[in-house]
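Heads up, the thing below is written out as structure tokens.
Just so it is clear, none of the values below were taken in a lab; they were calculated from the coordinates. Keep in mind it's a predicted model, so treat the numbers as computed, not measured. Cβ sites come from the backbone with ideal geometry, for glycine too, and all protein chains shown count toward neighbours.
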Amino acid sequence: MGKQTTGQPLVASNGWRWVGERGLRVETGAMTLAYYNLLISKNLTDVEDIIPADGSLLLILRRTARVSPEVRAALSAPLDVAQTAVKGKRHEIVVDYGGAAGPDLPALAKRAGMSVAAYIDCHAATEYTVAFLGFQPGFPYLQGLPPTLQAARRASPRQQVAAGSVAIGGRYTGIYPTGGPGGWHVIGRTDTVLFDPQRAAPALLMPGDRVCFVPA
Amino acid sequence: MIEVLRAGLCDLVMDVGRPGRRMLGVPAGGAADPAALAAANRLVGNDAAAAGLEIALSGPRLQFPQGGVAALTGARFAARRSSGAPVAWNETLVLAAGEVLSLDRPESGCRCWLALRGGLAVPSVMGSRSTFLPSGFGGHGGRALQAGDVLHCGVPANEMKLLRVSPPAGEAEGDLRVVAGPQAGQFDDVGLAAFFGTPYRVDAASDRRGVRLAGTPVSHRRAELPSQGVLPGSVQIPPDGQPIILGWDGPVTGGYPVIAGVITADVPRLAQLKPGDAVRFVTIEVEAACELAAAQWTFKELA
């Protein structure tokens, strides 16, 4: 019995876009993680790494590698429906909302036409999914942010955002694992360690995981 | 063993980096010119993956209490040895017990690599000894060297030969060669003319995360887009239109349009850019970029 597939090859007629001569950017839409898992499972020898991002993957070829028939075949393979269900762990993250821990919360709530308490309730009432990690090691882009809470990034980034800061950036909410500059609106902070390079699994949250915020 | 008598501006323990972990948001990092560090390693009989020092803009003063075998590659710095022996670049150096190696400023360029026989024996973190400064892990305590630091060397991998090495010819000259980026089509003629037609200056805020450029703003139609995977050499255009060439410790994803990607063969040249340097871009085809990436360093035994 043949496997059920979406019938949709990853790379359609328009192909990929180059990012340098080692990077292949392919559009993956809502199936990004499923395609990531499919491509990783093929252990492509010419591919050094694959970055899942917001609706696209970047395949990074090894130095001097060309796009081999093996890579072409992998990119044109249809997705098995069984591979599209990516079910991760569920995490509860305790957050100290507002005050010094969340300096942008009052302005964001005002812009959303909500009280601070209602904004917190809404942020904490949602179950988010980790779409991908980026920006910093272990930084989760959490999808599922209610549209009323969404806000374009700050016009000028902060020089220093504290480690553990919970923030809003466009359609996403996220958590800064490490202190540093950042352009998202900071609404709270958690003591949870999101990234520890000494752990066997350095990133606490992995793509596909689900996250709920619990007010402290 | 090395004792740091005086630290340089930013001396970092580096090896080949930690590729394969970008899904965790961890860039590959590693030596900004991996071929230069690999060459220095070979000059001291190490495996290519051994850890050495990456030294930028202003070098350290290092003592070798038990002596040792060292090699320097990359930008030539004003340098001296307490023994009075010359500090040759691109060849094996034998240091006497107690000798002090002082590196001052680069004669041209920005970075050099120092390999020591046995390699620097700092702990491996996530599969690499490379320092990742933005998150403070790897290398020597996750930071640049400081005066008073002591670093130990591991067990040499291979037999020693006195060698000299030459970098690939024509490496450091001319415009930076790029392949058109995934969002090149979003830029209008004015933006593209600025990017490809005018010189940019390297800004002082540049580091291993990115080379920031200042010059004619590159206008574009859309300021932000969905975050996409990026890699060292990706040239992002933020809303102010001043290009940023992502570096070795830059983020693995970015939300600004990528107008171009510096070819692999020219990424090591980014390591030699310093504030005030002029940069121009020229496009080449992917196939030509692949051929250029295959250039090799050549070794010769010293009689």
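Side notes on the structure shown:
- Partner aspartates and glutamates whose Cα lies under 16 Å from the Cα of B:LYS274, excluding those fewer than 8 positions away in the same chain, are identified as B:ASP11, B:ASP33, B:GLU54, B:ASP104, B:GLU107, B:GLU173, B:ASP175, B:ASP203, B:ASP207, B:ASP266.
- Per-residue shielding of B:248-260, expressed as the average number of other chain Cβ atoms within 10 Å of the residue Cβ, stands at 4.
- Among the GluC sites (Glu not before Pro) found in the range B:103-202, those both in a DSSP coil and sparsely packed, with 12 or fewer other Cβ atoms within 10 Å of their Cβ, are B:GLU107, B:GLU159, B:GLU173.
- Note on chain B: GNM, Cα springs under 10 Å; of B:ALA265, B:ALA96, B:ALA28, the largest mean-square fluctuation is that of B:ALA96.
- Those aspartates and glutamates that a straight Cα-Cα span of less than 14 Å connects to A:LYS42, excepting residues fewer than 8 apart in one chain: A:GLU70, A:ASP80
- Alpha-carbon centroid distance for the pair the range A:22-54 / the range A:164-198, whole angstrom: 25 Å
- Each peptide in B:269-281, B:110-122 receives the mean, over its residues, of other Cβ atoms within 10 Å, and ordering these scores from highest gives B:110-122, B:269-281.
- A Cα-only calculation for the range B:30-166 places Rg and Dmax at 13.8, 41 Å.
- Footprinting exposure proxy for A:THR32, A:THR173 (fewest neighbouring C-beta atoms within 10 Å first): A:THR32, A:THR173
- One equal scatterer on each Cα of chain B, no solvent, Debye formula: the resulting log10 I(q)/I(0) at q = 0.11 Å⁻¹ is -0.66.
- Calculated FRET efficiency for the pair B:ALA204/B:ARG164, C-beta based, R₀ 30 Å, to 0.05: 0.25
- Computed FRET value (nearest 0.05) for B:ASP188 with A:SER156, which takes r as the C-beta separation and R₀ as 25 Å: 0.50
- Rg(Cα)/(2.2 N^0.38 Å) for the range B:1-61, N = residue count: 1.24
- Using only side-chain charges placed at the Cβ, +1 for Lys and Arg and -1 for Asp and Glu, the dipole size of the range B:1-82 relative to its Cα centre rounds to 140 debye.
- Low-density loop positions, GluC sites (Glu not before Pro), the range A:40-146 - DSSP coil, at most 14 other Cβ in 10 Å: A:GLU127
- Peptide A:47-59 has a mean of 6 when you count, residue by residue, the C-beta atoms of other protein chains within 10 Å of its C-beta.
- Taken over the range B:191-303, the percentage of Cα pairs per 5 Å bin, counting from 0 up to the bin with the maximum distance, is 2, 11, 21, 23, 20, 12, 5, 3, 2, 1, 1, 0, 0.
- 222 nm mean residue ellipticity, helices alone, for chain A (DSSP H n ≥ 4; -39,500 (n - 2.57); rounded to 500): -4500 deg cm²/dmol
- Lysines whose Cα lies under 17 Å from that of B:LYS161, excluding same-chain neighbours fewer than 8 positions away: B:LYS300
- Dipole magnitude for the range A:30-121: computed about the Cα centre from +1 point charges on Lys and Arg Cβ and -1 point charges on Asp and Glu Cβ, it is near 220 debye.
- For the residues of B:27-37, the average number of beta carbons from a partner chain within 10 Å of their own beta carbon is 1.
- The share of Cα pairs per 20 Å bin across the protein assembly as shown, counted from zero up to the longest distance, runs 22, 52, 24, 2 percent.
- Rg of the Cα atoms in the range A:16-170, relative to 2.2 N^0.38 Å, amounts to 1.29.
- Residue-wise HN-Hα coupling along the range A:178-194, computed from phi with Karplus coefficients 6.51, -1.76, 1.60 (Hz; x: Gly, Pro): 10, x, x, x, x, x, 8, 7, 8, 10, x, 8, 10, 8, 4, 7, 7
- Per the Kirkwood formula applied to alpha carbons, the range A:79-175 shows a radius of gyration over Rh ratio, Rg over Rh, of 1.00.
- Trypsin sites (Lys or Arg not before Pro) within the range B:150-183: DSSP coil, no more than 11 neighbouring Cβ in 10 Å: none
- Taking Cα atoms only, the orientation of helix B:34-43 departs from the longest principal axis of chain B by about 10 degrees.
- Share, in percent, of DSSP beta bridges within the protein assembly as shown that are antiparallel, nearest 5: 90 percent
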